[in-house]
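Have a look at the structure below before the remarks.
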Amino acid sequence: MPAPQLSTSGDYVTSHVCEDLYRQTPVSSAVILFVVAIFWLALKDQSDLAALNIWAATLTGSVAVRYSIWYQRRRSPQRFGDQGWMRLFSASSVMVGASWSLMFLSVSDWSNLAALAAPWMLMLGVLSAASVALGPHIPTFILYSAPPVFISGCIMLFRSIDSLGWLLVAYWAYYLILLGLTRTTNRTYLARLALAAENQSLLDALQAQASGQEEVIATRTAELRKTNRDLAEQMSRREELERIALEDLALLGSVINATSDLIYYKDYARSDGCYLGCNNAYAEFLGRTPEDIVGKTDEDFFDTEEADIRRESEKSVLKDGSKVVERWIDHPSGSRRLLSARLMRLRRPGEGSRHGEHRPGHHRTQKSRRNSPVPTALPGTPGPSRRPDGPTQSPLPHR
């Protein structure tokens, strides 16, 4: 039966001593019964048969009592606890030890040393075997071995045989030497158990620490997995949003490039009218590609006066929100063009400040004359048509 888990070194030692005592009970009981049978058969014709039967019956009954205690402990180990079971084992050991000494009552001729040899050698063997089997617990060994030594000694003293005096002294001297050896063996056994108890305590501490670390690792692993899942979901959503944004951007580019209106947009939040983009119609109007226009200003395409006029007109949109512009301009190609446009203020998503300017417009061309004034509206020249009661309408693009 495995030893229970213990919290102190003393409990650990007591439990193992009790376990070792009870572990050898079935084997020792079987050996005792076997020895009883052998000696009964060997001595029944040479000894007092009645006394021999009493010895055999008493020893067999004592062994049966101790075996029944072992069986009860096996069935209900928590019934008495280690200390209670050890007391029961010690009491049964007293019965078994006392029963051994009754064998000397079966000796019929005490003057015959040959007749005494059998019980004498048997007692020496029993004491030697008890030193090994009961060595883990000195009190139990003494309770087992002292009764046969004392009772057998008293029996020999009562016989008043001189030759038995030296034999009795040798018998007791052997017992004292055996008791000293058993004590030494017991100390070694207890020291080994104490070391095992310390190792078990360290092992329990390491297991508790490892268990705590495993819990921490499991918790952190779960957190990391959750974080990885969240990151994966965020990346998936971001990729989806980027895909949608790219599709929307491509669709918007297709829309603004499909119209003949001049569309461009500038940044007045972080620069002084830097082009952010335009459609193909506006790039063609300037005679450039959209890539050449991005990042530049009006000074790169118009003269200083025209660039200032355009900038002031566009900045006013940042205050008013929208504005309709109709005027003649000198184009970099040398032509003179009438520009009809609506300027609108744009905002970035999530931004409250004014950001830029967007201009859809149309233009008409007139050959430029050098040194001629550039009016904002010339009477008699092609310009935007008007309804009597409606807003200004831009003409269709015409070059």
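Take the range 9-211, drop everything but the C-alpha atoms, weight them equally and run the Debye formula without solvent; then report log10 I(q)/I(0) at 0.13 Å⁻¹ to two decimals.
One equal scatterer on each Cα of the range 9-211 leads to -0.76.
Calculate the FRET efficiency for L49 and I217 from the Cβ-Cβ distance with a Förster distance of 45 Å, rounded to the nearest 0.05.
0.05
Between G135 and residues 5 or more places away or on another chain, which pairs have amide H atoms under 5 Å apart, with H built 1.01 Å from N, and which residues are they?
Under 5 Å from the amide H of G135 lies no amide H from a residue far enough along the sequence or on another chain.
Using 0.36 nm per residue, how much length does the chain from N257 to T184 gain when fully extended, once their Cα-Cα distance is taken away?
Here the segment from N257 to T184 would lengthen by 15.7 nm.
Using each residue's phi in the range 289-299, evaluate 6.51 cos²θ - 1.76 cosθ + 1.60 at θ = phi - 60° and report the 3J(HN,Hα) Karplus result to the nearest Hz, with x for Gly and Pro.
Result, rounded to whole Hz: 9, x, 5, 6, 7, 4, x, 10, 10, 5, 4.
Taking θ as phi - 60°, what are the ³J(HN,Hα) couplings along the range 311-316 by the Karplus curve (6.51, -1.76, 1.60), each to the nearest whole Hz, with x for Gly and Pro?
In residue order, the calculated couplings are 5, 5, 5, 6, 5, 5 Hz.
Using only alpha carbon pairs under 8 Å that are at least six residues apart, calculate the relative contact order of the range 124-230 and give it in whole percent.
Answer for the range 124-230 is 31 percent.
Based on the Cβ-Cβ distance of A194 and R79, what FRET efficiency does E = 1/(1 + (r/R0)^6) give at R0 = 25 Å, to the nearest 0.05?
E(calc), rounded to 0.05, equals 0.35.
Scan around G277 for amide H atoms under 5 Å from its own, H built in the peptide plane at 1.01 Å from N, and keep only partners 5 or more places away or cross-chain.
So G277 has HN proximity to Y265.
With θ set to phi - 60° and the Karplus curve 6.51 cos²θ - 1.76 cosθ + 1.60, what are the ³J(HN,Hα) couplings of the range 12-22 in order, to the nearest whole Hz, using x for Gly and Pro?
4, 5, 4, 5, 6, 4, 4, 5, 5, 5, 6
Relative contact order, percent, of the range 9-211 when contacts are C-alpha pairs under 8 Å separated by at least 6 residues?
In percent, rounded to a whole number, it is 26.
For the pair A64/E247, report the inter-label distance in nm, with labels modelled 7 Å from Cα in the Cβ direction.
9.5
Ranked highest first by the average count of other Cβ atoms within 10 Å around their residues, in what order do 271-280, 188-197 fall?
Most protected by this proxy first, the peptides run 271-280, 188-197.
Here, each number is a calculation from the coordinates, and none is a lab measurement. Nothing here was measured: the structure is a model prediction, and the numbers come from that model. In this analysis, Cβ positions are derived from the backbone assuming ideal geometry, glycine residues included, and neighbour counts consider all displayed protein chains.
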